[in-house]
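A.B. asks: One structure, pasted below without further comment.
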Amino acid sequence: MSERISTLGTWIKRFLLEYLPTERNLAVNTLKSYRDSLTLLLPFVAERCGKPVERLMVEDLSAGRVTAFLGHLEQERGCSVQTRNLRLTAIRSFARYIAVRDAALVEWAGSIRAIPLKKTVRPRITWLSTENMDALIAGPDRHTVAGRVEHALLLFLYNTGARASEAAGLLVEDLHLPERTGENARITIHGKGGKIRVTPIWTNTAKAIAALSRDRPPNCGSVFWSRHRKPYTRHGIIELVERAAARVAELKGQKITPHILRHSCACHLLRSGVDINTIRAWLGHVSLATTNIYAEVDLETKEEAMKSTSPEDAGGEPQWKAQGGLLEQLKAI
């Protein structure tokens with residue numbers, strides 16, 4: 001670098017505006033997550049330094065202050081460990097960016113990057129039975145425009161296992177819906193990290209979505225529009241699913257989200273005999289290890305497997321059980 005940058009704000013602007021979108025080519029949602037992490041961090045550090053945010057120097061962002069900020073997220077803002085780790089990942093990435101470009105700050109960056117992620121416990125996977133899923137989809141009043149949109153959106157989420165952000169980003173040009181029958185219909189889904197997958201859909205899903213987009217010209221934008229004639233956002237889709245769940249008696253009091261519909265899609269595919277690698281491609285997972293969680297949570301499938309491999313009860317003592325003291329028994333194992 002021709003001149004050394006010392007102010008934190010200048011580094012952050014270059015990190016967010018130049019490095020992440022151009023050199024890393026990160027997805028928009030990832031960029032927003034990094035931005036939000038640093039936006040929360042700066043006022044916290046400024047308060048402890050007694051400086052305005054604009055006058056903060058790189059050295060003001062010490063490892064101790066970052067650690068205190070992470071504690072603040074959990075204890076005062078009520079954030080989960082997963083959110084705490086997400087914020088730390090953004091901060092460590094920022095520190096690495098600076099270190100690569102200024103050798104004088106390598107030691108500083110090392111102290112930031114040495115802050116460990118907290119170990120997390122994988123949350124229990126929740127999914128709906130086919131009966132509850134059918135009741136959820138049947139709930140909207142299809143005599144109204146809003147009800148038809150809700151019905152089509154719920155069908156789409158369950159059929160494809162799409163994330164809320166993927167549903168919000170679905171465009172009319174992503175639809176392939178043959179006329180009249182809807183057979184061989186498919187949808188192009190733009191997933192996390194810019195990954196694209198093509199998913200076949202049921203005939204009733206195709207017809208429900210086609211009814212929404214029939215009167216719209218090509219390239220007109222989003223498929224799912226709210227009653228305010230604006231495209232549904234991710235948060236709007238989350239609220240829609242919550243409203244639909246509140247109408248189902250068996251689901252009242254439960255927090256049902258679009259991701260639970262995604263889990264339900266995966267578990268129902270698994271129970272139908274679809275192999276785990278196909279489900280991985282269906283959901284847009286990069287790693288098969290991510291998809292394997294569905295094989296672990298399906299207790300009914302495990303019980304059937306146990307029954308099919310259960311040995312006959314031979315009765316009597318095991319042949320390896322030795323007589324005598326502990327040492328003799330250990331030698332006999």
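The values are calculated or read from the model by the stated rules, or taken from the named source; none is laboratory data. Since this is a predicted model, take the numbers as computed values, not measurements. Cβ: placed from backbone, ideal geometry, glycine included. Neighbour counts: every protein chain shown.
For (1) buried (at least 17 other Cβ atoms within 10 Å of the Cβ); (2) farther than 30 Å from Thr144 by Cβ; (3) at pLDDT 90 or above; (4) among the hydrophobic types (A, V, I, L, M, F, W, C), each residue gets a yes or a no:
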residue: Val241; (1), (2), (3), (4): yes, no, yes, yes
residue: Leu251; (1), (2), (3), (4): yes, no, yes, yes
residue: Ile256; (1), (2), (3), (4): yes, no, yes, yes
residue: Leu283; (1), (2), (3), (4): yes, yes, yes, yes
residue: Glu296; (1), (2), (3), (4): no, yes, no, no
residue: Lys307; (1), (2), (3), (4): no, yes, no, no
residue: Ser310; (1), (2), (3), (4): no, yes, no, no
residue: Trp320; (1), (2), (3), (4): no, yes, no, yes
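A.B. asks: Among the residues of the stretch 189-211 satisfying the criterion of being assigned to a loop (DSSP other than H, G, I, E, B) and free of Cβ contacts under 8 Å to residues at least 60 places away in the same chain, which is farthest from Ser287 (Cα to Cα)?
C.D. replies: Filtering the stretch 189-211 for residues assigned to a loop (DSSP other than H, G, I, E, B) gives 191, 195, 201-202.
Narrowing the set further to residues that are free of Cβ contacts under 8 Å to residues at least 60 places away in the same chain leaves 201-202.
Numbers: Ile201: 23, Trp202: 26 Å.
The qualifying residue farthest from Ser287 (Cα to Cα) is Trp202.
A.B. asks: Looking at the stretch 25-41 only, could you name the residues that are in a loop (DSSP other than H, G, I, E, B) and either surrounded by 15 or more Cβ atoms within 10 Å (Cβ to Cβ) or under 17 Å from the mean Cα position of the chain (by Cα) (or both)? If you could, list the steps in order and put the result at the bottom.
C.D. replies: Start the filter on the stretch 25-41 by keeping residues that are in a loop (DSSP other than H, G, I, E, B), which leaves 25-27.
Leu26, Ala27 - these are the residues of the stretch 25-41 that are in a loop (DSSP other than H, G, I, E, B) and either surrounded by 15 or more Cβ atoms within 10 Å (Cβ to Cβ) or under 17 Å from the mean Cα position of the chain (by Cα) (or both).
A.B. asks: Looking only at the stretch 236-294, which residues are in contact (Cβ under 8 Å) with a residue 12 or more places away in the chain and either hydroxyl-bearing (Ser, Thr, Tyr) or not assigned by TED's automatic domain parsing to the domain that holds Tyr158 (or both)?
C.D. replies: Thr257, Ser264, Thr291, Tyr294
A.B. asks: Here is a follow-up. Inside the stretch 1-24, can you point out the residues that are in contact with a helix residue (DSSP H, G or I) (Cβ under 7 Å, 6 or more places away or on another chain) and either in a strand (DSSP E or B) or β-branched (Val, Ile, Thr) (or both)?
C.D. replies: Matches in the stretch 1-24: Ile5, Ile12.
A.B. asks: Report whether or not Ala164 is surrounded by 18 or more Cβ atoms within 10 Å (Cβ to Cβ), in contact with a Pro (Cβ under 8 Å, 6 or more places away or on another chain) and either modelled with pLDDT of 90 or more or not small (Gly, Ala, Ser) (or both). Can you show your working first?
C.D. replies: On the way: surrounded by 18 or more Cβ atoms within 10 Å (Cβ to Cβ): yes; in contact with a Pro (Cβ under 8 Å, 6 or more places away or on another chain): yes; either modelled with pLDDT of 90 or more or not small (Gly, Ala, Ser) (or both): yes.
Yes; evaluated as a whole, the condition is true for this residue.
A.B. asks: When the residues of the stretch 92-106 are narrowed to those that are touching a residue at least 60 places away in the same chain (Cβ under 8 Å) and in contact with a helix residue (DSSP H, G or I) (Cβ under 6 Å, 6 or more places away or on another chain), which ends up nearest to Leu16 (Cα to Cα)?
C.D. replies: Applying the filter and picking the extreme gives Phe94.
A.B. asks: What is the residue count in the stretch 189-220 for residues that are among the basic types (Lys, Arg), more than 24 Å from the chain's Cα centre (by Cα) and modelled with pLDDT under 90? Reasoning before the result, please.
C.D. replies: Step one: filter the stretch 189-220 for residues among the basic types (Lys, Arg), giving 192, 195, 197, 207, 214, 216.
Subsequent filtering for residues that are more than 24 Å from the chain's Cα centre (by Cα) retains 207, 214, 216.
Within this subset, residues satisfying the condition of being modelled with pLDDT under 90 are 214, 216.
Final tally of qualifying residues: 2.
A.B. asks: Go through the residues of the stretch 89-101 one by one and say whether even a single one is in a helix (DSSP H, G or I), among the aliphatic types (A, V, I, L, M) and exposed (fewer than 13 other Cβ atoms within 10 Å of the Cβ). Steps first, please.
C.D. replies: Going residue by residue through the stretch 89-101, those that are in a helix (DSSP H, G or I) are 89-101.
Remaining after also requiring among the aliphatic types (A, V, I, L, M): 90-91, 95, 98-100.
Next, only the ones that are exposed (fewer than 13 other Cβ atoms within 10 Å of the Cβ) stay: 100.
Within the stretch 89-101, one or more residues are in a helix (DSSP H, G or I), among the aliphatic types (A, V, I, L, M) and exposed (fewer than 13 other Cβ atoms within 10 Å of the Cβ).
A.B. asks: Which residues, taken from the stretch 104-135, are among the hydrophobic types (A, V, I, L, M, F, W, C) and either in a loop (DSSP other than H, G, I, E, B) or over 16 Å from Arg65 (Cβ atoms) (or both)?
C.D. replies: Within the stretch 104-135, the subset among the hydrophobic types (A, V, I, L, M, F, W, C) is 104-106, 108-109, 112, 114-115, 117, 121, 125, 127-128, 133, 135.
Selection gives Ala104, Val106, Ala114, Ile115, Leu117, Val121, Ile125, Trp127, Leu128, Met133, Ala135.
A.B. asks: Would you check if Leu61 is surrounded by 11 or more Cβ atoms within 10 Å (Cβ to Cβ) and more than 18 Å from Arg113 (Cα to Cα)?
C.D. replies: No; evaluated as a whole, the condition is false for this residue.
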